[in-house]
Structure formats: C-alpha cells, structure tokens
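Here is the structure we will look at.
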Protein chains: 2
Amino acid sequence: MAITIYDVARDANVSMATVSRVVNGNQNVKPSTRRKVLESIERLGYRPNAVARGLASKKTTTIGVIIPDISTSFYGEVSRGIADIATMYEYNIILSNSDERSERELELLVDHLGKQVDGVIFMSDSVSEEVRQEMSKAPVPIVLAGTIDIEEQFPTVNIDYEQAAYESVVKLIENGHKKIAFITGPLSRDINRVQKKAGYERALKEAGIEINEEYVFEVEDTYDDSYESWKEIQKIEQQPTAFLASNSTLAVGILNGIRDAGYSVPEDYEIICYEHSNLTRIVRPQLTSVVVPLYDIGAVAMRLLTKLMDKEEVESQQINLPYHFAERDSLK
Amino acid sequence: MAITIYDVARDANVSMATVSRVVNGNQNVKPSTRRKVLESIERLGYRPNAVARGLASKKTTTIGVIIPDISTSFYGEVSRGIADIATMYEYNIILSNSDERSERELELLVDHLGKQVDGVIFMSDSVSEEVRQEMSKAPVPIVLAGTIDIEEQFPTVNIDYEQAAYESVVKLIENGHKKIAFITGPLSRDINRVQKKAGYERALKEAGIEINEEYVFEVEDTYDDSYESWKEIQKIEQQPTAFLASNSTLAVGILNGIRDAGYSVPEDYEIICYEHSNLTRIVRPQLTSVVVPLYDIGAVAMRLLTKLMDKEEVESQQINLPYHFAERDSLK
DNA sequence: GTGAAAGCGCTAACAT
DNA sequence: ATGTTAGCGCTTTCAC
C-alpha cells in the first residue's frame, strides 16, 4: 500500500490538515512545522493521490481534448499549442481522437465529463446538433479551437478563413486569372463551405467573374485523392489556370499531378493554399500560402479556457487570430 | 449538484450496491430490478463519477503517455496507434510532451503516477539513469514504444533498426558505392548511435570498406539543418556518392540541397532512408526507404500494456516488429 | 438477489 | 497556527 497523508501526519506528529496545508502551499503553517512535515514527506516518499484530491476538491486539474486525428500535422500542431499552455497552468490533458464522427464526439464528451475534467477543448470540422446540445449541458467550460461554430454559441479561436480565401483569390485575379479552381475537402464541413468557399466566391463575384461550379473540386482530404483529381481536372474543356487549395496536402497533390503530367508551376498554372505544415517549403516550387498559426490557435484556446475555468472576465469569446501570406514560388 | 448513485438508489427503491451492480454489468441482479434501475438512471440522467470510482476501486482506466513531441509525424502516428487500441480496451490517455528533456520526463512520470494511471507508455530517444530508476519504482506497468532500452530492462516495442540500417547500406554497396554517408540526428540518442549507426558500420565493415567518420553527419533533427548540411558535405574533398538518412525529414533536406545545387538523384547521388511520413512519396524523385510501421509500434505497445495491466502472461517483453523496403526512385 | 456499512485518500469548513 | 470531522461518490466485503 502506498504512503498516504495519514502516514505522514503520524510520522511528523501533526494532523492531516497540516500536512494538506504544506502540500498545498498554504501559508498558515509555522516554518518549523512545515520543515518537519516536508522532512517526513521526503523520508517516506509520500506522493499525493490526485484522484482522492479530485474527489474531495471537485477539481481534477485535467482538461479534455477532443480532436479529429492526432496524427495529422494540422491537429498535431494545434495540440502542441494546447499542451504547452496547459503545462504552464499545470493542467493535464486527456486526448481522444474522434475521426470527426459526430456520434463518437458525443461519446467522448460524455466520457471526458464523466472523468470530471475541469474544461474541454473541442475540435472538429462542424458542430453537429447532438454535440451542440451535449456541450450546452456541460457543467464545465468548453472552447472550440480551429473549429467553426455557425451559431457562435461557444467560445472559439480561429483565423478569418473567409477573408484569407478572399485575399488569396484576389491575388490570383490580379495575376490575370479568370478561370480559378478551388480544391477542397468535403463541403459538408462548415469550415470548407461557410468559410473558405464563401471567400473564394466573394472574390470572384467582386471581380465580375462568373462562378462556375465545375471549378470546385471536392475531394477526400488526402494527398492521393488530390493527386488523382488532377486527371479529372484535365478533362474539363475550359481548363482552370490557377488553384486555391484548402490546405497544403491538397495543394501538393495538385502540384505533383501537374508536374508529373509535364506542366509547370507557376508558368502553366499558379497555386496558392492554406498552409498547415512545412510541406509548402519542402516541395519545388515552394508554395505561396496563407500561413495559419496552428500552434497559436491551440495556445490561445487553452489560455481562454483557463480564464473561463477561473471564472475570469473575458472581453471576447470569438477570437480571430491574425494570419499572413508567405510569398513563394507558385505565383508569378 | 450532479446526480449521484445515491439519488438513483432512492429513486429506484434499491440500495446503492444494487445500482453499482447494474452500472458495472454485474450479473447478480434480477432482470426486473435491473430494468427499474436502468429506468431511474435514464430519467435522472445519472452519469457515474469516474473519479469516485477510481478512488474506491483503485483503477482509473487511464494510462499515461509520455512523448517527446506530439506535433511530429513520427510521434503523431505512434500515438494514433496507441490511442486506437486504448479506445478498444476502454482506456483514456493522458498525453504529455517531454521534448526529450530527461528532467521533464521525470516530472511527467511522477505527475502521471500521482494521477493514478493504470499504466504508462514511454517514448524517448534514450532512457536516462534517473528515468530508469523512477520507472523501476513505479507501481504500474510501463512499456517503451519506439524507444531503445540498452539494458533491456523494460518491455519494448520496436523494429530492428540496426538490421534495417545494415540492409540499407548493403543495397547501396551493391549499387557500387564505396563512399557512403550517414546523416543522422544527435548521436547522443541511443537509437541513432547504438542502432542505426552500428548497422551502417557493420555493413561497411563486412564489405571491407573503411569507416570514415567524416562521412557521418550529425545534425539537429530538422529539415532546415539537413538542408544546410549539404553545404558542409560539398566541401569534403572525397565527396560521398550515396546517403543513408535516419529519417525522411533529413533525407528530404539532403535531397533538396542536392537538387537545388543542380545535381540529380539518383544519377549523381543515391539516397535511402527510414520512412516516418509520406514525405518520401511526395518529393521527386520519390525516396526508396525502410518503412517503419509507426502505427503498429504504438498499437502493439498498447496491447502489450493491457496484458501487463491485466497480469496476463506475455511470451516476450522485447518485441521487434517486421519492416519492409519501399523501392522507389532514389536508388538506381 | 439485495442491503448495510466500511472505507478509498484527500479537502474544507469549523473549532480552538 | 493547528486539529477535528464530515464528507466527496463510489466499490466491495460481508451478511442475510
């Protein structure tokens, strides 16, 4: 059996309460008794039991993180931002993958809440109705990171994807393009449909360019799917001459499709994309992109959550972080 | 205040013990009472408190995962393997990043153990003496994943990196190379020094090729460092003609260095590497590589941990998974 | 098949 | 400054 607070109390000739006080850094302890207790703790090798502490105090210093897939560079980077700030505020993280299955997200939410987490950071490409309901009933704060909440009901940290798409397409238009394609993951996801596609369309509309649904390529969010999609794109009679890709993986798929077919970027086609990894710098030509501050999205979301858990006032619950363009070689 | 087991008991006119039994699927409950209890649970919206359960039962159904950096593709993939098997066995994961700082690893170990995890999966590039001691004292099983334990003290899941390096270099030798370089992350890490470099040297020795320390390039484990290292390599009077890279990121750094300088792969230089991401398929030419089954390493480690936690017999504590070569275009 | 009761190890009033 | 005590919500003997 492990050493408990009771063993320490007896060894140091004080009460459990006093031991608890020194362990928790309470100032109401005489320096000499503190020393005595610390010595007993050291000698016996006492380690507080966080589970017992959690039950008694109703705080676990643990938060839940529900994420689509930790093995992607996008979510890996966001998670690191979350984790670093969590460490700073001495929270542990329970991390679970949802694969964006709403049903699984629901299970995980219930599961994490059952573990009495003090807060939750939720990531997904859409917030389903059932998930929204469960989150509404949650007894602890929840922050969305890199996740669109069309109802703006929950605290959220993002960039303005719509504006970024708009500005990207404006660049392409300024370079003389009129046949601009948008290659994206599933449009069932709010982030793709309500934000990125909307910005793409706004730029076209503003330039008086007719929106052509044939130029919207909806694929699975994988390199291979994007690579294959090039074959479809080539079949179109009115070939697009420029691409906005909704992430670096898709952009690289198209890029390789183009180059393996013997064409050149940016001479024959220009490409711009959202950047979610260093892939954009690794390929040739390097890709001009919207740099999404993934780490910061995670870090700021976690910081916001700490404030919410501490019941501090927060000015804004819907945070949009700045982004910038990395001008590289896939635009002329 | 949330609904407790006591509320359910009263509502269903049974004792707490009975509620506990139906919640835990104990068969010693009459179907009719079970139904009654289930109905109360449903109506009141009762959710078991896992913290209280953990305190009473001394099992938290949570494991600790200590990982260098979740934002790398290597560890992201391993983690996913761990997480999927953990889900299967209904364990949650507390995930923490150590950045491979031994001091931090120690803190995390103590921290996770304090949270009463039922087991730990530990990843690092070496096992320091202090960490080894703390792990030895741990009251729960610990499994190392993708991590070399030179003392073979702890259960471990890996591939035979030494043999893989050996076979890789043999391929290069068979292609006529005698000046073969090894580009690697810090040699302070056991995995690089004791395994990969050793295999590299064994192949050379066996072929009667003199080992030249000038051909061992030790860099930080980043794309940029590897890319820059090419400039150093070029200064050598006796240029190497082939490379073994200890991971895909370093391989791509060298590859781009070579190509940006106007040389060709595989015509001027050949490259082979350990594959830790799909980068090898994305770059041109695609890289011939040793495919490391990262997901499986995580999955098997977690499966092994479940057996250990259940005190099942396990035949072997040191598991080496199979690997294979992906023959692509960076070798002639 | 079901209930009573004693903890699990700690925190947090409340006394003193 | 320190001690006493009542829980926190559950599991787990042990009776019946």
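Tabulated results
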quantity	calculated
Copies compared at B:GLY262 - label distances in nm, ascending, label defined 7 Å from Cα in the Cβ direction	2.7
Simple spin-label estimate for B:ILE211 and A:VAL194 in nanometres, 7 Å along Cα-Cβ	6.1
Calculated from backbone phi, Karplus (6.51, -1.76, 1.60) coupling profile of the stretch B:161-175 in Hz, x at Gly/Pro	4, 5, 5, 5, 5, 4, 5, 5, 5, 4, 4, 5, 5, 4, 7
Taking the C-alpha atoms of the stretch A:101-191, convex hull volume expressed per residue in Å³	97
Placed amide H near A:LEU144: partners under 5 Å, 5+ positions off or other chain	A:PHE122, A:THR156, A:VAL157
FRET E, pair B:LYS59, A:ASN175, Förster distance 45 Å, beta-carbon r, rounded to 0.05	0.15
Shielding by partners, peptide A:48-59 (average Cβ within 10 angstrom, other chains)	5
Distant-in-sequence amide H partners of B:VAL65 (H built 1.01 Å from N, under 5 Å)	B:ILE94, B:LEU95, B:SER96, B:ILE121
Charge context of A:VAL291, other residues only, Cβ under 13 angstrom, K/R +1, D/E -1	-3
DSSP beta bridge pairing in chain B, given as percent antiparallel to the nearest 5	10
Sequence of B:HIS112, A:HIS324, B:HIS276 from largest to smallest accessible area, 1.4 Å probe	A:HIS324, B:HIS276, B:HIS112
Residue-averaged beta-carbon neighbours from other chains (10 angstrom radius) around B:70-80	6
Cβ-vector label at 7 Å, B:ILE236, separations to other copies in nm	4.8
Residue among A:SER79, A:LEU305, A:VAL170 farthest towards the positive dipole end of chain A, charges placed on Cβ	A:LEU305
Phi-based couplings in Hz for the stretch B:117-130 (Karplus 6.51, -1.76, 1.60; Gly and Pro marked x)	4, 7, x, 9, 10, 10, 10, 6, 9, 7, 10, 6, 4, 5
Above-threshold pairs, the threshold being 20 Å between Cα atoms, out of A:LYS30/B:LYS115; A:LYS58/A:LYS311; A:LYS205/A:LYS235	A:LYS30/B:LYS115; A:LYS205/A:LYS235
Full-extension gain in nm, A:ASP7 to A:GLN286, via 0.36 nm per residue minus C-alpha separation	94.1 nm
Sites A:ASN278 and B:LYS307 - FRET efficiency at Förster radius 35 Å, r taken between beta-carbons, to 0.05	0.35
Gain on full stretching of the segment that runs from A:ASP160 to A:ALA17 - 0.36 nm per residue minus C-alpha separation	46.4 nm
Whether chain B is rounded, prolate or oblate, judged on the alpha carbon gyration tensor where a/c under 1.5 counts as rounded	prolate
Label-point gap, in nm, between B:ASP84 and A:SER136 - each point 7 angstrom along Cα→Cβ	3.5
Accessible solvent surface per residue of chain A, calculated while the other protein chains remain in place, 1.4 angstrom probe, Å²	44
Cut-off under 5 Å, modelled amide H: who pairs with A:TYR263 long-range	none
³J(HN,Hα), Karplus 6.51/-1.76/1.60, whole Hz, each residue of the stretch B:243-253, x for Gly, Pro	10, 10, 10, 7, 6, 5, 5, 5, 4, 5, x
Heavy-atom accessible surface of the stretch B:248-332: percent carbon and sulfur, 1.4 Å	45
Solution diffusion estimate, µm²/s, Stokes-Einstein, the stretch A:214-302, Kirkwood Rh from C-alpha pairs, 37 °C, viscosity 0.692 mPa s	242
Which of B:PHE243, B:PHE74 is most accessible, then next, and so on - probe 1.4 Å	B:PHE74, B:PHE243
Cα gyration tensor shape of the protein assembly as shown, rounded if a/c is under 1.5, else prolate or oblate by comparing a/b with b/c	oblate
Among A:MET16, A:TYR295, A:GLY208 the positive-end extreme of the charge dipole of chain A (Cβ point charges)	A:MET16
Computed accessible area, B:TYR89, all protein chains, 1.4 angstrom probe, square angstrom	90
Within the accessible area of the stretch B:104-144 (1.4 Å probe), percent carbon and sulfur	49
FRET efficiency estimate (nearest 0.05) - Cβ-Cβ, B:GLN318 to B:GLN27, R0 35 angstrom	0.35
Label-point gap, in nm, between A:ASP329 and A:LEU44 - each point 7 angstrom along Cα→Cβ	6.7
Summed residue charge, Cβ within 11 Å of B:ILE272's Cβ, Lys/Arg positive, Asp/Glu negative	-2
Charge sum, other residues only, whose C-beta stays under 12 Å from B:SER316's C-beta, Lys/Arg counted +1 and Asp/Glu -1	-2
For the protein assembly as shown, calculated [θ]222 nm from helices alone, where every DSSP H run of n ≥ 4 adds -39500 (n - 2.57)	-13500 deg cm²/dmol
Solvent-accessible ranking of A:LYS171, B:LYS30, A:LYS196, A:LYS332, largest area first, probe 1.4 Å	A:LYS332, B:LYS30, A:LYS171, A:LYS196
Shape of the stretch A:161-291, Cα gyration tensor, a/c cut at 1.5	rounded
Area of B:GLU77 that stays accessible when all protein chains are in place (1.4 Å probe, Å², to 10)	60
Interface area, A with B, accessible, probe 1.4 Å, both sides summed, Å² nearest 100	3800
Accessible area of A:ARG202 in the full protein assembly, 1.4 Å probe (Å², nearest 10)	80
Label spacing, shortest first and in nm, from A:GLN133 to its equivalents in the remaining copies (7 angstrom along Cα→Cβ)	5.6
Dipole magnitude (debye, nearest 20) for the protein assembly as shown, charges at Cβ of Lys, Arg, Asp, Glu	2820
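The values are calculated or read from the model by the stated rules, or taken from the named source; none is laboratory data. Treat the numbers as computed from the prediction; the structure is a model and nothing was measured. We place every Cβ from the backbone using ideal geometry, glycine too, and count neighbours over all the protein chains shown. Side chains included, ligands, DNA and RNA excluded: accessible areas come from the protein's heavy atoms. Shrake-Rupley method; radii C 1.70, N 1.55, O 1.52, S 1.80 Å.
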